[in-house]
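Each remark here refers to the structure printed beneath this line.
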Amino acid sequence: MIEHVFGGDWTEIKLARLEKYLAAYRTIFTGNERARHFTTWYVDAFAGTGSRSSGETAGSSLVLSEDVYQDAETSRYRDGSARIALGLQSPFDHYLFIEKSKAHVNELRAMIEKDFTALLPRCDLRQDDANGVLCAWCKERDWKKERAVVFLDPYGMQVEWSTIEALGATKGIDLWYLFPLGVARLLKRDGNIDEAWQKRLDILFGTDAWRTRFYQTRMTQDLFGDREEIERNVTVENIQGFIQERLVTCFSKVADGLVLRNSKSSPLYSLCFAAANERGGKTALKIAQSILDD
């Protein structure tokens, strides 16, 4: 069995809040007469094996492309979000699980067959890149009749902004997105960032405006004359504020995110929420913000 191991209370916080929202979401779509006619989806774009265990495993490691974390707590974690969504008292009509690893997809399928047999016909498991699958899936759906909760929980910087735009354009998706605050590690003090990483940050944020958001140039004078200085602002508040402002460009309502920290109190992710539907966004935001603030 493929065991996904991680440590730290931040994982419990993330999963607890997701579970509360999913339960509230399903209550609305089963109890509200207007909402009942919608077909509902739960989408987990980095589904892993669907299972998890807490604690540390000596010698365990993963080599993750485009990751910004090196510490054990983030390089060895995976979560049980798929199991939580499947285990709801009121399940979703359909589930889409995306995972790049063939071994993880097989493990996830085996878990569903064993523990959620009745829900297997509702599950669509895809072994592929999450960005490509999500963009295509959004175009395939009839958003006049369908609604979805999408959970983006990447290892690092794998989510492309074009995917965020595609999700927002549906006007039918509620998004939970774990944004990697570890991007601060790439934003060097002198502003001298490798060109490849600059392009990756452009893709992550969907703009090159991060350059002026996190760096400002000012002129100072000393004994040798005018001198140009670069000021860097990569505080958690500034990075989190920027990603929330970017989400506002695609979604109707955006919550104030929750910073998740590891056992050493280092910031890892901002747990973000955004609602695409204008009519239902106000209620969705109220529920999500209450859960995030709890």
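Each value in this text was obtained by applying a stated rule to the coordinates, not by laboratory testing. Every value quoted in this text rests on a predicted model; they were computed, and no experiment measured them. Counting neighbours? That spans all protein chains shown, and the Cβs are built from the backbone with ideal geometry, glycine included.
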Checklist entry - Most exposed first by the Cβ proxy, i.e. fewest other Cβ within 10 Å, how do Thr117, Thr39 rank? => result Thr117, Thr39
Item to check | Amide proton proximity set for Asp124, modelled H, under 5 Å, gap of 5+ | outcome: Tyr95, Leu96, Phe97
Item to check | Difference of contour (0.36 nm per residue) and Cα-Cα distance, Glu140 to Gln127 | outcome: 2.9 nm
Next on the checklist: List the pairs from Lys20/Lys199; Lys102/Lys144; Lys100/Lys139; Lys14/Lys139 whose alpha-carbon separation is above 31 Å, in the order I gave them.
Outcome noted: Lys20/Lys199; Lys102/Lys144
Next on the checklist: Explain nothing, just the number: dipole magnitude of region 118-258 about its Cα centre with +1 on each Lys and Arg Cβ and -1 on each Asp and Glu Cβ, in debye rounded to the nearest 20.
Outcome noted: 480 debye
Checklist entry - Ordered by packing density, taken as the mean number of other Cβ atoms within 10 Å over each peptide's residues, highest first, how do 170-179, 257-266, 96-105 rank? => result 170-179, 96-105, 257-266
Checklist entry - Within region 179-196, whose backbone N sits under 17 Å from a point 7 Å along Cα→Cβ of Glu229? => result 189-191
Checklist entry - What full-extension length gain, to one decimal in nm, is calculated for His37 and Val236 as 0.36 nm per residue of separation minus the Cα-Cα distance? => result 67.5 nm
Checklist outcome for this item: Taking Phe273, Phe92 and counting other beta carbon atoms within 10 angstrom, the fewest-first order is Phe92, Phe273
